[in-house]
Each structure stands twice: as structure tokens, then as C-alpha cells.
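To keep things clear, I will list the structure first and then write my remarks on it.
The values are calculated or read from the model by the stated rules, or taken from the named source; none is laboratory data. What you are looking at is a predicted structure, and each value in this text was computed from that prediction instead of being measured. As a convention, Cβ positions derive from the backbone with ideal geometry for all residues, glycine included, and neighbour counts pool all protein chains shown.
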Amino acid sequence: MGDAERIHALRALLSRLSDEYHVQDAPSVPDADYDALMRELEALEARHPELDDPASPSRRVGGRPSAQFSPVRHDPPLLSLQNAMDADELREFDRRVRREAGDAAVSYVVEPKIDGLTIVLRYEDGILRQGATRGDGSVGEDVTENLRQISALPQRLKGAPHGVFEARGEVFMPRPAFDALNAARTAAGEPEFANPRNAAAGSLRQVDARVTGTRGLEVFCYEVRRGAQPRTQSDALGLLAQVGLPVNPLQTRCASIAEVIAETERFAVQRAQLPYATDGLVVKLEDLRLAQQLGATQKAPRSAIAFKFPAEEAATELLDIEVQVGRTGTLTPTAILRPVRLAGTTVQRASLHNEEIIAQRDIRIGDTVRVRKAGEIIPEVIGVIADERHFLRQTYAFPRTCPVCGGEAVRREGEAARRCINPACPAQLREWLIHIGGRAALDIDGLGPRTVDLLLSRGLVLQPEDLFRLREEELAQLPRFGGKSAAKLAAGLRDARSRPASRILFALGVPHVGERAADLLVEHFGSLTAIAQASEQELSDVPGIGPVIAASVRRFFAGGVGERLLVSLAELGFDLDRIRADAPAEGPLAGEVVVFTGTLSVPRQEAQARARSLGARVDSDITRRTTIVVAGESAGSKLARADSLGLRVLTEAEFGALSDGTRERN
Ligand code: IVH
């Protein structure tokens with residue numbers, strides 16, 4: 001889709017989403033998606049001034065008021081905030097501010113950005129006379145009676161200031177109240193609120209004001225609009241508190257933008273512990289006269305900015321679907337996306353998992369999709385934003401043949417993915433070889449993806465077992481492969497022969513057989529030969545082995561390929577019956593299997609090498625073999641796992657003492 005079409009599509013979509021959000025309090029997408037779409041629209045509009053449209057949703061501040069409540073005109077109108085997504089955008093904001101400020105010193109106040117909704121409170125001679133929502137910024141709704149039900153809001157101000165006193169603040173629903181409300185709604189068969197903001201908005205705009213009083217709403221005020229002219233933002237917050245209005249105690253004064261940035265980093269950790277939802281920090285110029293002088297754009301003041309925490313979800317256009325072939329022949333679809341910022345990086349590709357998920361979620365090329373990136377995990381497409389699809393946009397037809405070898409790709413009953421079943425498929429062989437060389441499989445030193453590609457391109461490996469027929473002299477003649485690499489790979493291939501049967505089984509790449517299943521099978525049957533001969537029933541009788549694994553193992557060995565492979569490996573010197581790896585017989589740690597976790601005082605490899613030199617085996621992950629876990633600083637999930645398995649856990653110092661032989665082994 002061209003930029004012009006995309007702009008039109010985004011405007012239509014955002015208008016609808018904005019209405020759902022501001023007017024109906026029932027958004028169909030997360031806020032982060034909405035923000036991401038708005039930013040995409042703003043970026044496209046900036047690039048195409050010729051497509052300008054005053055009615056574009058990017059020009060509007062918020063929703064329009066609903067007819068349920070009487071209108072309240074805001075004078076001056078309520079503005080919104082510009083957004084900064086990272087430290088660079090904060091520095092840019094600071095440069096703009098300082099450029100305007102001339103010689104004046106610039107300092108900031110940083111406040112949590114509460115995920116609630118704006119309210120304006122009007123007190124006359126200290127008595128609450130009117131409370132209104134923001135509405136579209138110019139006209140909001142009169143919710144005075146509802147606001148009176150919120151116990152945190154005073155009906156009468158302390159010191160009863162004369163005349164009109166107007167404040168702006170945020171109504172929000174703390175998390176405990178939000179959870180309780182949603183639980184009650186679920187129990188009553190009503191739909192849950194999507195987030196605390198919508199719950200707060202829905203609760204405030206109740207026709208029966210008494211209901212509002214039961215919802216546990218809170219308020220924080222942050223701006224004096226009328227009745228006083230504080231010189232600084234700190235004074236404003238002080239004054240609001242002094243007259244008895246609720247003010248958030250979390251407010252930080254920062255003498256420079258560097259301090260502001262440090263505060264964003266600190267708060268990123270703290271916000272998870274707060275009893276209310278925040279979506280960022282608001283950075284405000286401390287000097288309010290200077291703020292006045294800087295003025296505002298149509299939408300937002302120039303003297304403040306909202307720092308938004310990186311969203312873990314975003315929305316963008318699905319440009320294409322690429323299908324790759326994995327080691328077991330699985331056809332894996334990858335989404336090719338219009339680049340989008342997500343959790344601090346630009347994302348262009350995301351996992352689509354498998355054929356089943358694409359069909360289930362009816363994901364089509366050209367759709368606007370929601371993408372999520374949680375932690376370190378590869379981003380994934382989690383769904384489609386139901387925009388108005390063009391009638392020509394077709395359902396995605398998943399390929400029925402392998403995109404690499406052209407062979408038949410089948411989808412077995414009960415499986416979500418389609419697989420290429422050609423055992424000679426070059427894509428499968430490549431992935432298989434990389435898998436075989438991997439740490440958890442045969443751990444072949446010197447066999448990375450580049451070497452695999454080189455071997456394949458020279459036709460030196462046509463089936464996995466060919467790897468172990470390679471001679472060092474042959475390897476040394478490969479281009480860009482010196483004598484040293486050849487010697488290393490040759491040694492790696494030699495060492496691989498002494499791996500125990502469970503790792504050989506894992507290396508075979510039988511679909512569904514991971515490390516754990518391989519361990520269980522070898523432990524039970526005692527040898528690879530026995531596993532290859534076991535019936536499906538015998539396999540599924542093994543505790544921990546389900547019918548899917550059993551069928552897959554049987555299919556692998558019954559098809560001939562697996563069986564031939566085992567014969568070849570035995571001929572090449574692999575021991576198919578060795579249950580455990582041999583630990584060196586010598587040394588104080590002989591027989592121990594050690595796993596290091598957390599931050600150590602020496603490089604991890606050094607610690608591992610030392611453990612090995614003392615006779616221990618070293619593993620990277622905790623398995624049933626593990627006998628000792630050495631936990632350094634801030635050890636995490638592995639330590640928890642070790643504890644839950646009741647393993648022996650040592651500090652680094654204890655391990656040092658143990659390996660020095662100064663302590664008894666038990
Ligand atoms: S100052 C001129 N301070 O964020 C704008 N806003 O995205 C004055 N918000 O409409 C806003 N906490 O509803 C300000 N400490 C805070 C805030 C805050 C939440 C909301 C407010 C505003 C929106 C802007």
C-alpha cells in the first residue's frame with residue numbers, strides 16, 4: 001500500500017479507535033497500539049504535507065463529549081502533551097526549551113504520568129461547584145455529582161480561598177480496586193474493563209452518581225488553572241496540597257535534562273511497585289513564567305513533555321509472509337512488517353508461529369497487526385486490528401509445498417505446523433547440521449552456520465553422517481579455512497563421538513524430541529538401538545513421553561532413514577549404548593556435574609575450566625545429571641530451579657574452598 005493509502009487507512013482506523021477510547025470507554029486495542037498508529041500517521045503526514053487534512057485524528061486532542069452529561073466549556077482549552085519515546089527525544093526537548101529561554105536557568109519537575117483521565121475542578125469561595133471531564137479539550141462533561149462521591153476529593157478547600165479556584169488533575173483507579181471490579185464483573189457475566197484508565201472513565205461517567213462512590217477512585221491534582229499564580233511548578237504542587245487537594249508525593253526536581261534522564265531510569269523500576277498504573281513521566285519546566293512565555297502549539301504546551309515507557313506492543317502493517325524451512329522440515333512463517341518502534345528497537349520481522357495460528361486469527365497480508373515483544377523473546381504477531389478490510393484482500397493461502405526443495409509439505413493430524421517431508425531437502429540438512437553441532441547436541445567445536453554453509457556448498461556433506469567422514473587434510477584445503485580451523489573442526493568431530501546416547505538422540509533431530517525427552521528415553525531403554533526398535537506403545541509407556549513424541553520417534557526409525565543413520569554412526573565409532581558421559585576419573589570433583597549461574601567474580605569460562613581441570617563435568621543448564629550449582633551474584637531462574645530440585649547450591653567462595661580441597665565433600 002502506498003503512503004497516501006496508508007494515511008487514509010490510518011485516519012479512518014484512528015478515528016474509530018479514538019471514538020471507542022474517549023467516548024465509549026471501550027477500546028478494542030491496547031493504548032500502546034493506538035499510540036504507535038498515531039505516531040506512524042504523524043510521521044507519514046510530516047513526509048506528505050500535500051495530503052494535509054484539518055480533520056485528521058492527529059490534529060485532535062481527545063474525544064467528543066457524550067450527550068449524557070451537560071457540556072462544560074473549558075477556557076482556556078485543555079491541552080495535551082507532546083511525547084518523548086527515548087532519552088534523545090528528551091534532550092531534543094531540552095535544547096528547544098533552552099533555545100527559547102535565553103540566559104534563564106532551566107530546571108524541571110518530573111511527575112509520574114498517571115494512567116487515568118483529566119478532570120477540572122472548580123471551587124467558588126472554597127466550595128466545590130463544578131467538576132468536568134476533558135472531552136475534546138474545549139468542551140467536556142459536567143460530572144460534578146459523580147466527583148462529589150470520591151472521598152479523596154474535598155467538598156471544601158482548606159482556608160477557603162476567595163473567589164474562583166480551579167485545578168486540573170487526574171482521576172484514576174488504583175490497581176487493587178481495578179482487580180476487584182473486574183473480578184466482580186466477571187462473576188456477574190459482564191465484560192471486564194481493558195485497563196484502569198477505562199475503568200476510571202467508566203466509573204466516573206455513571207448516570208447514577210452513587211455507583212461512582214463504590215469504585216474506589218482516587219485523584220491527584222497537578223495544575224492550578226485559576227485563583228492563584230504560583231511562580232514554579234513546585235509551588236503549584238505545594239499550593240494544591242495546602243488547600244487540601246490530593247497531590248502525588250512522588251515529584252522530583254531535576255537541575256538538568258541529564259538528571260531527568262536518570263530519573264526516567266530510576267522510575268522505570270519503581271513504577272512496577274506502585275499501586276496504580278503509570279504510562280510514563282511528565283517532565284515540566286519548573287519556572288512557570290518561562291513556561292507561559294514558551295506558549296503552546298495547537299495541541300500541547302512547549303514547556304512540558306510526556307516521557308513514555310517503551311511499549312511492549314505496537315501495531316503495524318503486515319507487508320508479506322515469508323516461509324522458512326526448519327531442521328525438522330517445519331515450515332515456519334515469518335511476518336515482514338512495515339518497520340515499527342517496539343520496546344526500544346525497530347522491528348521489521350516477527351514470528352507468525354505456524355499455519356494454524358495464521359488461519360485461526362485470519363491474518364492476511366495488508367492487515368494492520370499487533371506485534372508484541374516480551375523480554376528477550378523474538379517479536380511475535382499476536383493478532384489483527386479489525387480495520388475495514390479492502391474486499392480484495394485475500395485470505396492467506398499457506399504453501400502446500402516446500403519453498404526450498406519444492407517437495408510435498410504435509411500437515412499431520414493434530415499438528416499445528418506443516419512440514420516438508422523430503423529427507424534430502426537442503427534447507428533441512430543445513431538446519432540439521434547446525435543443530436547437530438550445537439552445545440546441547442554433539443557440541444562440535446568449530447561447526448557454526450558459516451562452516452556448515454561452506455561444507456554444503458562444496459558438496460562435502462550430503463547427509464549428516466558425512467560430517468564424521470571428513471578428513472583434516474580435506475578441510476584444510478577449503479577456501480577461507482586455514483589449518484587451524486581444520487584442526488579445530490577435526491578435533492571437534494573426533495570428540496563428538498564420545499557423547500552419551502541421550503545427546504546423540506537429541507542430535508538426530510527427531511521431531512518433538514527435546515533434551516528432556518531424549519534423557520527420559522535413554523534412561524528407560526538403556527540404548528539407542530533399543531529405542532529404535534521399540535514399538536509406539538512401548539515408547540508411550542515411558543513416564544513423561546506422550547503419544548505425539550512416541551509416534552514421532554516410531555515414524556523416524558521406521559522410515560528407514562533413522563535406522564540407516566544409526567548404523568552409520570555406530571560404524572563411525574559412536575557408542576549408541578553409553579548412558580552417561582565419562583567424567584575424568586582423577587581430581588577432587590570427579591563425578592560431579594557442575595552448573596554455574598549468576599554473575600561470578602571471574603569470567604564464567606575461567607570458572608568452568610577450573611571445575612573441569614578438577615575432574616568435574618560442566619553443564620550450562622540444570623538437568624537430572626546436575627550435582628552442584630554454583631550461584632554467583634543475582635542468580636535468577638536457575639537458582640530457583642536448583643532449589644526446587646533440592647540440588648546442592650554453593651556460593652562461589654564455598655565452591656572455591658571445596659575445589660581447593662579445604663572442605664569435605666559430601
Ligand atoms: S500535565 C498541558 N501531569 O496525561 C497538559 N498530565 O498525555 C497538562 N496526566 O491529559 C498535563 N498524569 O490526563 C500532567 N502528572 C501529570 C499527569 C498528566 C497524567 C495525563 C493528563 C494529560 C495526559 C497527556
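Picking from residues in the stretch 393-452 that are among the β-branched types (Val, Ile, Thr) and either farther than 19 Å from LEU508 by Cβ or in contact with a Cys (Cβ under 7 Å, 6 or more places away or on another chain) (or both), the one that is surrounded by the most Cβ atoms within 10 Å (Cβ to Cβ) is THR451.
A quick yes/no check of all residues on (1) in a strand (DSSP E or B); (2) free of Cβ contacts under 8 Å to residues at least 24 places away in the same chain:
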| site | (1), (2) |
| --- | --- |
| ILE119 | yes, no |
| ARG122 | yes, no |
| ARG129 | yes, yes |
| GLY137 | no, no |
| GLY140 | yes, no |
| LEU153 | no, no |
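The residues of the stretch 263-288 that are more than 10 Å from the ligand (Cβ to nearest atom), at pLDDT 90 or above and β-branched (Val, Ile, Thr) amount to a single one, THR264. When the residues of the stretch 273-314 are filtered to those that are in a loop (DSSP other than H, G, I, E, B) and free of Cβ contacts under 8 Å to residues at least 60 places away in the same chain, which remaining residue is nearest to LEU239 (Cα to Cα)? Out of the qualifying residues, it is GLY295. Scoring VAL72 on the criteria (1) more than 28 Å from ARG341 (Cβ to Cβ); (2) within 11 Å of the ligand (Cβ to nearest atom); (3) of a type outside the set (D, E, K, R); (4) part of a strand (DSSP E or B) leaves a single failure, condition (2). Of all the residues in the stretch 58-99, those that are surrounded by 15 or more Cβ atoms within 10 Å (Cβ to Cβ), of a type in the set (A, V, I, L, M, F, W, C) and either in contact with a Pro (Cβ under 8 Å, 6 or more places away or on another chain) or modelled with pLDDT under 90 (or both) number 5. For PRO543, state whether it is out of contact with any Cys (no Cβ under 8 Å at 6 or more places or on another chain) and either acidic (Asp, Glu) or surrounded by 14 or more Cβ atoms within 10 Å (Cβ to Cβ) (or both). For PRO543, the condition - out of contact with any Cys (no Cβ under 8 Å at 6 or more places or on another chain) and either acidic (Asp, Glu) or surrounded by 14 or more Cβ atoms within 10 Å (Cβ to Cβ) (or both) - is not met. When the stretch 617-637 is filtered for residues that are touching a helix residue (DSSP H, G or I) at 6+ places or on another chain (Cβ under 8 Å) and either of a type in the set (Val, Ile, Thr) or more than 17 Å from LEU442 (Cβ to Cβ) (or both), the ones remaining, listed by number, are VAL618, ILE622, THR623, ARG624, THR626, ILE628, VAL629, VAL630, ALA631, GLY632.
Scanning the stretch 373-419 for residues that are modelled with pLDDT of 85 or more and not in a loop (DSSP other than H, G, I, E, B), we see that the one that is nearest to the chain's Cα centre (by Cα) is GLU380. Looking at the stretch 252-262, which of the residues that are in a helix (DSSP H, G or I) and out of contact with any Asp or Glu (no Cβ under 7 Å at 6 or more places or on another chain) is farthest from the ligand (Cβ to nearest atom)? In this case the residue turns out to be ALA258. Within the stretch 507-523, the set of residues being modelled with pLDDT under 90 and closer than 14 Å to ASP541 by Cα comprises GLU523 only.
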